[in-house]
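Take a look at the structure below.
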Amino acid sequence: MLIVILIFVAVVAGFVAGGSLHGFERVQIHWWGAAFAGLAVQVIPSFPVAGREIGPAMLALSYALLAAFLWVNRRLPAAPIMLIGLVLNLLVVVPNGGMPVSASAAGASGGSDAVLTPIDDGKHHLMTDDDVLTPLADVIAVPSPVGVVLSIGDVFLYVGVMSFVVLIMLGRSGENPRPPARWFQGYRGKHLPTERRLPRRSQARSPQPVGAERAGSGP
């Protein structure tokens, strides 16, 4: 898988630049559920409902969930680059009912029209004259041994992922404050000091330590 290869290359680059994997211990990442759900939707096979494939809606939902995840974590290194990639993919997926794939690019990557015929899986389809915004579609051929076709949005995503890994390894985690929580508001991370774990309302109601006195109070 291409993403695994790129992450491996990024880790090697991080070590060469003097970084360490310990940098990931200081990273605060929120809304993991949205990220996992977005990735899960991409791997779920498309299936017909009422005679129509729901693949395009699933693909758009996946990109939307991942975009929400990146927006919440936008202060992390390279998160804006990955967010741009997702938005570019959304721009072409939504109006075309899926991601168009260039037959010529697929051929250059090692495929052929005959091989690409079954590519209409509900989420991707061979590019036609009716498709719009085709420069944003899967038109970038990556030849063998990788043998894939990418969109410009995919390029932003992969560059962002590699940059994120390298920058985190170099200790540039940045500040990523947690957004206001709707559930379990008393939890703010077990490694945070007490005054940052509790919401302000709870802090105001928390009892003073025994023997504590207000400054300037009399006997």
Phi angles of the range 23-39, converted by Karplus (6.51 cos²θ - 1.76 cosθ + 1.60, θ = phi - 60°) into ³J(HN,Hα) in whole Hz with x for Gly and Pro, give x, 6, 5, 9, 7, 9, 10, 10, 6, 4, x, 5, 5, 5, 5, x, 5
Sorted by chain and number, the residues with a modelled amide H under 5 Å from that of His124, at a separation of 5 or more or across chains, are Met99
The Cα extents of the range 1-97 along the principal axes, largest first and rounded to whole Å, are 55, 27, 22
In whole Hz, the Karplus estimates of ³J(HN,Hα) for the range 164-171 (6.51, -1.76, 1.60; θ = phi - 60°; x where Gly or Pro) are 4, 4, 5, 5, 5, 5, 8, x
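Taken together, the values in this text are just the output of simple stated rules run on the coordinates, not laboratory data. Quantities reported herein were computed from a predicted structural model and do not represent experimental measurements.
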